[in-house]
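Asks: Provided herewith is a single structure, encoded as structure tokens, for subsequent inquiry.
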Amino acid sequence: MCYLEFIIVNFIVSILISRQSYLNFCVISDSSGRDIVFLLDGSDDSQQRFPDIIDIVQTILRELNIDSNRDRVAVVQYSNTAEMNFDLKRYVTENDLLKALRGLTHKGGYPKNIGAALQYVREHAFTPESGSRLQQGVSQILVLLSGGRSDDEVRAPVRLLKEMGVIVVAIGTTDADTLELQTISHEPKYTLLISDYEELPIVKQHVLALLNEASHPVVHAGPTVDFASKKSDVVFLIDGSHDSRNGFGEIRAFVERIVENLNVSNNGDQVAVVQYSRDATVNFYLNSYSSKNDVLSSIRTMRHKLGQPLNIGKALEFVKENVFDASVGGRRADMTPQYLYVFSGGRSGDDVRAPAQALKDNGIKIFSIGTKNSDTLEMQTISHTPAYYFHVSSYALLPSIYSSVEARLRDTQETTDFTTIGKT
């Protein structure tokens with residue numbers, strides 16, 4: 001198993017823990033079968049990486065149950081236009097499919113019209129004439145690979161696909177538009193981000209798990225996160241230094257996503273946000289807002305603090321003394337669970353050990369999230385345990401670890417693993 005695949009196995013295991021204990025997740029087994037269409041970036045931008053694209057499709061195919069009565073596969077390439085390489089009924093054996101993939105030539109063309117491509121697969125790939133079994137109730141799944149932002153509108157074609165019941169998994173590089181991919185995908189967790197097409201092996205197990213989930217819809221009996229049904233104090237300590245200037249929007253979006261799954265109210269969850277660089281600045285306290293809409297509105301309009309150096313230790317001490325305090329809404333005296341999310345894009349300019357321990361001594365559970373420039377040992381020292389440390393190569397990949405962070409909230413057992421997405 002290669003390094004990247006080893007990393008993503010850790011990631012997907014945590015996702016599966018949060019749902020059902022599917023231990024044999026490498027081979028997908030589904031008696032009803034699926035119709036899976038791969039919509040591949042065939043534009044000029046992807047020419048050099050096209051062999052990597054074909055390799056990941058072949059790797060995924062080897063884990064499916066290819067048969068006319070089980071899993072069927074089609075491949076479409078797009079650039080300024082879209083064209084079918086083969087439809088769902090063309091090949092009914094794994095060997096024939098793999099041979100066909102090896103013989104594909106890169107389409108070429110510019111620009112990327114993803115909207116037109118989505119309309120094309122709806123009208124030409126997911127049809128009975130092309131082998132679709134939609135009318136028989138077979139799951140319809142589209143796997144999109146995107147290396148950049150679409151030059152046309154995607155919302156209307158996406159809506160029509162979803163109305164058909166097509167479940168979309170969107171895989172994008174850092175040149176792709178994250179919000180656009182999330183709009184296209186079935187739901188945000190079906191959006192997978194990588195730095196470049198050469199990192200495609202990183203998403204193999206995740207795609208397989210999502211294909212499995214698309215065939216076996218999961219009905220959640222409770223809230224998305226385990227503390228959504230009871231009160232908690234949640235503080236986000238965000239890297240506001242120059243190191244994070246290119247990723248501040250992604251950090252803000254990640255925080256929004258967590259808040260959206262909270263039950264914000266005076267008697268429910270309370271949220272505070274602090275930015276730090278040389279020193280720390282409060283954006284709002286735990287008792288500043290009592291509604292989710294107000295919290296989200298404040299986060300969306302939050303401006304980047306900037307500054308150097310990155311003094312994480314000083315910031316940790318600040319939140320302990322000034323943000324978790326009862327005078328600004330902290331409810332430690334009521335035995336309310338308290339959580340701190342620390343985002344760091346670099347190594348601290350001061351010592352973090354004593355401030356981190358002081359927070360832990362107060363019962364505050366710390367999640368730490370660092371990029372490739374952060375210090376792994378330092379971040380693990382800050383976090384509740386090493387298992388509460390998450391690493392991404394860049395802030396653009398934050399959506400890829402959301403499910404892992406969510407799963408860790410449910411996990412009552414400590415481990416020594418930490419999740420990494422992308423290159424270090």
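The values are calculated or read from the model by the stated rules, or taken from the named source; none is laboratory data. Bear in mind the structure is a predicted one, so any value in this text is a computation, not a measurement. For neighbour counting, all protein chains shown are included, and Cβ atoms are generated from backbone atoms with ideal geometry for every residue, glycine included.
Asks: Would you call S403 touching a helix residue (DSSP H, G or I) at 6+ places or on another chain (Cβ under 6 Å), closer than 21 Å to E256 by Cα and in the same structural domain as P337 (by TED's automatic domain parsing)?
Replies: no
Asks: Okay, next question. Only residues that are out of contact with any helix residue (DSSP H, G or I) (no Cβ under 6 Å at 6 or more places or on another chain) and not in a helix (DSSP H, G or I): list them for segment 372-391, please.
Replies: K372, N373, S374, D375, S383, H384, T385, H391
Asks: A further question follows. For A280, all conditions in the list (1) among the aliphatic types (A, V, I, L, M); (2) surrounded by fewer than 18 Cβ atoms within 10 Å (Cβ to Cβ); (3) within 17 Å of S244 (Cβ to Cβ) hold save one; what is the number of the exception?
Replies: The failed condition is (2).
Asks: Looking for something touching a helix residue (DSSP H, G or I) at 6+ places or on another chain (Cβ under 8 Å), in contact (Cβ under 8 Å) with a residue 12 or more places away in the chain and part of a strand (DSSP E or B) - is there at least one such residue anywhere in segment 284-307?
Replies: For segment 284-307, residues touching a helix residue (DSSP H, G or I) at 6+ places or on another chain (Cβ under 8 Å), in contact (Cβ under 8 Å) with a residue 12 or more places away in the chain and part of a strand (DSSP E or B): present.
Asks: So, one more: Quick one: which residue in L39, L97 is crowded, with 18+ Cβ neighbours inside 10 Å, over 18 Å from Q205 (Cα atoms) and more than 23 Å from the chain's Cα centre (by Cα)?
Replies: Answer to the selection: L97.
Asks: Please work out which residue is farthest from the chain's Cα centre (by Cα), limiting yourself to segment 146-164 and to residues that are under 24 Å from L200 (Cβ atoms) and in a loop (DSSP other than H, G, I, E, B).
Replies: D151
Asks: Within the set of pairs 6+ apart or on separate chains, which have a first residue in segment 68-88 that is touching a residue at least 24 places away in the same chain (Cβ under 8 Å) and in the same structural domain as D41 (by TED's automatic domain parsing), a second that is part of a loop (DSSP other than H, G, I, E, B) and of a type in the set (K, R), and C-beta atoms under 6 Å apart?
Replies: Once the first residue is touching a residue at least 24 places away in the same chain (Cβ under 8 Å) and in the same structural domain as D41 (by TED's automatic domain parsing) and sits in segment 68-88, its partners that are part of a loop (DSSP other than H, G, I, E, B) and of a type in the set (K, R) give Q77/K107; S79/K107.
Asks: Name the residues in segment 308-332 that are β-branched (V, I, T) and either in contact with an Asp or Glu (Cβ under 8 Å, 6 or more places away or on another chain) or part of a helix (DSSP H, G or I) (or both), would you?
Replies: I312, V319, V328
Asks: From V143, V121, grab the single residue that is part of a helix (DSSP H, G or I), crowded, with 23+ Cβ neighbours inside 10 Å, in the same structural domain as V203 (by TED's automatic domain parsing) and out of contact with any His (no Cβ under 8 Å at 6 or more places or on another chain).
Replies: V121
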